[in-house]
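Participant: Got a structure here, written out as structure tokens. Questions coming.
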Amino acid sequence: MKDLIGSHDLLFVTLDTLRYDVAAELAAAGRTPNLARALPGGTWERRHSPASFTYAAHQAFFAGFLPTPPGPGPHPRLFAAAFPGSESTTEDTWVFEAPDVVTALAGAGYHTICVGGVGFFNPNSPLGAVLPGLFAEAHWEPGFGVTAPNCFEAQLDRVATVVPAVPDGQPLFLFVNVAAMHQPNRHYLPGAERDSRDSHAAALEYVDRHIGRLFALVTARSRPCLVVLCADHGTAYGEDGHTGHRFGHEVVWTVPYAQFVLTPGEWGKPGDWE
């Protein structure tokens, strides 16, 4: 990553609460064709999250602790806040003298934008203001949140407004937290009366139908774009008696991960996806 700073835009998308097993099954079955088109080899990488709920996971992510491969480490990190004794930084890691990557990218000349989703990006409380407060520009409204069936489309409408306003000569760091997979998600499965693994999958299909627009928006600029796409944690739907997350369980810790570079114009015009 360190060789791309300044020359590439950066897009970091967290698909909040998305389970690895569901994401992998849908990709293999051809049910998420737009994501499969973007993913290297058309498949998700299986990784482990550093935390079991949104706030803790994102604090770790922004410090450089992205989801790690499940095998024995240490695993080299893409970027990292400098601190003594780190064993997972290598010559390929972008190491910065800042507490988080958002601050570091701003110092490198990037315009930083957050388009939040779940409640930890709602700035109307002191806690909800912490993560958005890292960014030069932060956006959240109830229509981006977990109870809004069209939440991702509403976020993309905002992205379509804010990204073109960034001068083409200035690099961009865009962060989007997508809330659709988080409970409640039964509204994505017609006739469902409760949240389930199936409605979780239907929520991912909803996101897939629209994610091409996000890729088109970031590739409408003149720079190539490095994309990091992952879940912050998974969630349980009755496994071993568990429901939800913020506890240690395989379906919570195991998340889908991908990173890739998009080239300008690769995903067509944003209007093609509306």
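The values are calculated or read from the model by the stated rules, or taken from the named source; none is laboratory data. What you see is a predicted model, and the numbers here were worked out from it, not measured in a lab. Neighbour counts are summed over all protein chains in view; Cβ atoms, including those assigned to glycine, are modelled from backbone coordinates with ideal geometry. When the accessible area is computed, the model is the full protein with side chains, heavy atoms only, and any ligands, DNA or RNA have been set aside. Shrake-Rupley method; radii C 1.70, N 1.55, O 1.52, S 1.80 Å.
Participant: How much FRET efficiency would the formula 1/(1 + (r/R0)^6) give for Leu127 and Ala24, where r is the Cβ-Cβ distance and R0 is 22 Å, rounded to 0.05?
Facilitator: The value I calculate is 0.10.
Participant: Here's something else I'd like to know. When the chain is fully extended, how far beyond the present Cα-Cα distance does Thr161 get from Ala108, taking 0.36 nm per residue of separation?
Facilitator: Once the chain is fully extended between Thr161 and Ala108, it gains 16.7 nm.
Participant: Turning to a different aspect of this structure: May I ask you to list the residues of segment 246-274 whose amide nitrogen lies under 12 Å from a point 7 Å from Cα along the Cα→beta-carbon direction of Asn150?
Facilitator: No residues fall inside that zone.
Participant: A follow-up question, please. With every protein chain kept in place and ligands, DNA and RNA left out, what is the accessible area per residue of the chain? Probe 1.4 Å, answer in Å².
Facilitator: 40
Participant: Assuming a ≥ b ≥ c are the square roots of the Cα gyration tensor eigenvalues, decide whether segment 147-221 counts as rounded (a/c under 1.5), prolate (otherwise, with a/b larger than b/c) or oblate.
Facilitator: It is prolate, given that a/c is not under 1.5 and a/b is the larger ratio.
Participant: Then there's this: Would you please name the trypsin sites (Lys or Arg not before Pro) within segment 179-274 that are DSSP coil residues with at most 12 other C-beta atoms within 10 Å of their C-beta?
Facilitator: Hits after loop and neighbour filter: Arg194.
Participant: Using each residue's phi in segment 162-170, evaluate 6.51 cos²θ - 1.76 cosθ + 1.60 at θ = phi - 60° and report the 3J(HN,Hα) Karplus result to the nearest Hz, with x for Gly and Pro.
Facilitator: 7, 5, x, 7, 7, x, 4, x, 9
Participant: Taking a ≥ b ≥ c as the square roots of the eigenvalues of the Cα gyration tensor of segment 73-123, is the shape rounded (a/c under 1.5), prolate (a/b larger than b/c) or oblate?
Facilitator: Cα axes put segment 73-123 in the prolate bin.
Participant: Give a residue-ordered list of calculated ³J(HN,Hα) values for segment 93-101 (Karplus: 6.51 cos²θ - 1.76 cosθ + 1.60, θ = phi - 60°; whole Hz; x for Gly, Pro).
Facilitator: 7, 7, 9, 10, 8, 8, x, 7, 5
Participant: I need the phi-derived Karplus couplings for segment 213-228: 6.51 cos²θ - 1.76 cosθ + 1.60, θ = phi - 60°, integer Hz, Gly and Pro marked x.
Facilitator: Per-residue couplings from phi come out as 5, 4, 5, 5, 5, 6, 8, 6, 7, 7, 9, x, 10, 7, 10, 10 Hz.
Participant: Considering only protein heavy atoms and a 1.4 Å probe, what is the carbon-and-sulfur percentage of the accessible area of the chain?
Facilitator: Accessible surface attributable to carbon and sulfur in the chain totals 53 percent.
Participant: What percentages make up the Cα-Cα pair-distance distribution of segment 107-201 when the bins are 5 Å wide from 0?
Facilitator: Bins of 5 Å from zero give 3, 14, 21, 19, 16, 12, 8, 4, 2, 1 percent of pairs.
Participant: Around Thr90, which amide H atoms from residues at least 5 apart in sequence, or from another chain, sit under 5 Å from its own amide H, with H modelled in the peptide plane?
Facilitator: Hits under the 5 Å cutoff: Arg77.
Participant: Considering amide H positions built from the backbone, and no H for Pro or chain starts, which residues 5 or more places from His139, or on another chain, come under 5 Å of its amide H?
Facilitator: Cys114, Val115, Gly116
Participant: Keeping all protein chains in place and using 1.4 angstrom, which order do Tyr237, Tyr206 fall into by accessible surface area, from largest down?
Facilitator: Ranking Tyr237, Tyr206 by accessible area, largest first, yields Tyr237, Tyr206.
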